[in-house]
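K.L.:
Could you have a look at this structure, given as structure tokens, before my questions?
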Amino acid sequence: MTQAYSQGASLGIHDIAYLVGASVDAVRDSMASHKNIVLPTRGLVADMGPHALT
């Protein structure tokens with residue numbers, strides 16, 4: 001995820017789930033349980049509305 005961001009791209013929750021072989025819900029739950037780690041997701045970077053943690 002940070003590699004994509006450093007190259008000018010950002011991944012969405014669905015992209016991350018696909019890459020790690022997990023469900024979207026599992027990725028959201030993991031992000032919610034690690035609030036001190038912020039991933040540069042497409043929703044967060046582009047400010048596309050509510051992001052996965054809300």
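K.L.:
Kindly indicate the residue of region 27-43 that is at pLDDT 85 or above and assigned to a helix (DSSP H, G or I) and also surrounded by the fewest Cβ atoms within 10 Å (Cβ to Cβ) among those meeting that condition.
P.N.:
Among them, the one singled out is S33.
K.L.:
Another question about this same structure. May I ask you to say which residue of A4, A17 is at pLDDT below 85 and small (G, A, S)? Break it down stepwise before answering.
P.N.:
Details: A17 fails: at pLDDT below 85.
Checking each option against the conditions leaves just A4.
K.L.:
List the pairs whose first member sits in region 6-32 and is over 19 Å from V45 (Cα atoms), whose second member is of a type in the set (V, I, T) and buried (at least 16 other Cβ atoms within 10 Å of the Cβ), and whose Cβ atoms are under 9 Å apart, counting only residues at least 6 apart or on separate chains?
P.N.:
V20/V27; A22/I16
The values are calculated or read from the model by the stated rules, or taken from the named source; none is laboratory data. For clarity, every value in this text was computed on a predicted model and none was experimentally measured. When we count neighbours, we look across all protein chains shown, and the Cβ atoms used for this are built from the backbone with ideal geometry, even at glycine.
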